[in-house]
Amino acid sequence: MSYASHIIHHSKKLRNAPNLLRQEQALLVRFFSHDAQPSIDIRKAHRHSYVPSERARVCRSFSSTTKSLSGTFTRDVSTTMKLGNSISGPVSNKQLSCMQVQLRRGFSSDAALPPHQELGMPSLSPTMSEGNIARWLKKEGDKVSPGEVLCEVETDKATVEMESMEDGYLAKIVRGDGTQGIKVGEVIAITVEDEEDIAKFKDYTPSASGASAAAAKASPEPTPPKKEVVAEPVTSPEPKVSKPSAAAPSGDRIFASPLARNLAEEHKVPLSSIKGTGPDGSIVKADVEEYLASRGKEAPKAKGRAPAALALDYTDIPHSQIRKITASRLLLSKQTIPHYYLTVDTCVDRLMDLRGQLNALQEASGGKRLSVNDLVIKAAALALQKVPQCNSSWTDDHIRQFHNVNINVAVQTENGLFVPVVRDANKKGLSSIAEEVRQLAQKARENSLKPEDYEGGTFTVTNLGGPFGIKQFCAIINPPQSGILAVGSAEKRVVPSSGPEQYQFASFMSVTLSCDHRVIDGAIGAEWLKAFKGYIENPESMLL
């Protein structure tokens, strides 16, 4: 009977299960539709391209802590949503594709704070882990609309404008102008929907959950114990201390031979500092002589170290974001890419003649003059089209060969080294390349390059010959590319002429191709240089 009663009791509970599920579902819908609305309006999500055009699934990962506090509730909701085309039905029944929007709403009943949005430091480039606030273009209290620029963020590659995604008011600037080292996702500002709510955020500080999340990314915990472990052996000079203590036998009296005592007194050496090697640890004459000899060797070393103790005058220059990322990428390139270098001399007499003719036509038509570097970029692009193996990139699973020939051009500025990209350089004319390079170089000097101005390159050209007169140099490959061309200066040389004992002058330019040996074999690199040299020495072929 007891088993039967248990079965009947549990069957009654199972009959109420659908009603309980419906109540839980309704509770979730009310929770997300009223108290904890996401920072991006669901109705606006499709308009701002947060939702794919087709079916999408909703994946919601949230932590909700509800606490009763004098009849009111405090909720700390951290939500990662993937929005779909239709949100009106039950959320749990949707199967949506992956599009993540990180949202954070802060609510506080004790401080009577209205609903607000915490704006985090955005990730504006694939390699960005932290950024700096260059300057705010909006002030606290200003109204903001979608598409309006809030501030300028200095990323690892350039200074990029951060735009507003919603209507509202800028209530609080958490990170002011010039703030550096802000981790991606760390709160930099607060926006509200109603203008009268601005004053309530005068003394606002970011929520503890946001601060702890940023701190977890920024400061790894295991590092302090490492410092302690390393410090212990360094600060304990046990070998040096133990030797003098072992030198003296146990007791107050130091045993030494008469010759040893006389020799020590003559050179004013305390016997306690000498280790005895005689019977029962007594000090003999040889011990004193050995001590004097060792002290004589240390004296010159001390004199030699004295000048090094002089203070040096220096200035510490803080790293910029572009300098940090340039250093890390170049170090990664030299440590992981097997470089090898191929150098060839090209005669540029016909190239210089053609450039003179084209510049005359450009000036007559009111166009800009062409530089030697513009012709080099065109020749490199055509050579990549002819030898596509050099227009490739290494991955763990395959070698990716690109069909677009996009040439990065190295530009040195006061802020660091930039490499803006000329897209489809093999399909463009010389005047188009010259104008595009001129505009990109100006943007680089003004630190106003956008991600589309420097991303997507397949090969790089760097020139230290024309501006600086460098004869020849080897450049470091710009990952994930597999090649970079270093262009030196042109110089006149005496070369044999057609007749016997006849000589003539000719101008030669040295170029060096740095190759990734995983992608470009030596013969392939030589073939590319042969094609490049053919275009430089017969420049008319580039115009066909």
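Of the residues examined, residue 370 is one that is over 28 Å from the mean Cα position of the chain (by Cα) and part of a loop (DSSP other than H, G, I, E, B).
Would the range 199-215 turn up any residue that is in contact with a helix residue (DSSP H, G or I) (Cβ under 6 Å, 6 or more places away or on another chain), under 30 Å from residue 121 (Cα atoms) and at pLDDT 50 or above? Checked against the condition, which is being in contact with a helix residue (DSSP H, G or I) (Cβ under 6 Å, 6 or more places away or on another chain), under 30 Å from residue 121 (Cα atoms) and at pLDDT 50 or above, the range 199-215 yields no hits at all. If you go through the range 425-437 and keep only what is within 15 Å of residue 461 (Cβ to Cβ) and charged (D, E, K, R), you end up with 428, 436.
Selection of the range 505-537 for residues being more than 16 Å from residue 351 (Cβ to Cβ), open to solvent by 40 Å² or more (accessible area, probe 1.4 Å) and outside any helix (DSSP H, G or I) yields 517, 518, 521. Identification of strands (runs of 3 or more DSSP E) wholly contained in the range 384-441 with 3 or more residues that are over 23 Å from residue 540 (Cα atoms) yields 392-394, 399-401, 411-413, 416-418.
Residue pairs whose Cβ atoms lie under 7 Å apart, sitting 6 or more positions apart in sequence or on different chains, and linking a residue in the range 392-405 that is within 10 Å of residue 481 (Cβ to Cβ) and touching a residue at least 60 places away in the same chain (Cβ under 8 Å) to a partner that is of a type in the set (Phe, Trp, Tyr) and open to solvent by less than 100 Å² (accessible area, probe 1.4 Å), are 392/402. Reported count of residues in the range 425-457, each being in contact (Cβ under 8 Å) with a residue 12 or more places away in the chain and under 19 Å from the mean Cα position of the chain (by Cα), is 11.
Quick check on my filter: what residues within the range 119-153 are open to solvent by 50 Å² or more (accessible area, probe 1.4 Å) and not hydrophobic (A, V, I, L, M, F, W, C)? Passing the criteria: 123, 126, 127, 129, 135, 139, 140, 143, 146, 148. Being within 18 Å of residue 541 (Cα to Cα) and open to solvent by 10 Å² or more (accessible area, probe 1.4 Å) is a property that residue 373 has.
For (1) within 22 Å of residue 320 (Cβ to Cβ); (2) in contact with a Pro (Cβ under 6 Å, 6 or more places away or on another chain); (3) loosely packed, with under 15 Cβ neighbours inside 10 Å, each residue gets a yes or a no:
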position: 361; (1), (2), (3): no, no, yes
position: 377; (1), (2), (3): no, no, no
position: 396; (1), (2), (3): no, no, yes
position: 405; (1), (2), (3): no, no, no
position: 421; (1), (2), (3): yes, no, no
position: 425; (1), (2), (3): no, no, no
position: 439; (1), (2), (3): no, no, yes
position: 443; (1), (2), (3): yes, no, no
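Exactly one residue out of 158, 189 is of a type in the set (Gly, Ala, Ser) and farther than 26 Å from residue 418 by Cβ, and it is 189. In the range 322-349, of all residues being under 29 Å from residue 439 (Cβ atoms) and at pLDDT 95 or above, the one that is nearest to the chain's Cα centre (by Cα) corresponds to 333.
The values are calculated or read from the model by the stated rules, or taken from the named source; none is laboratory data. Being a predicted model, the structure only gives us computed values, none of them experimental. Every residue, glycine among them, receives a Cβ derived from its backbone with ideal geometry; neighbour counts consider all protein chains shown. For accessibility, only protein heavy atoms count, side chains too; no ligands or nucleic acids. Shrake-Rupley method; radii C 1.70, N 1.55, O 1.52, S 1.80 Å.
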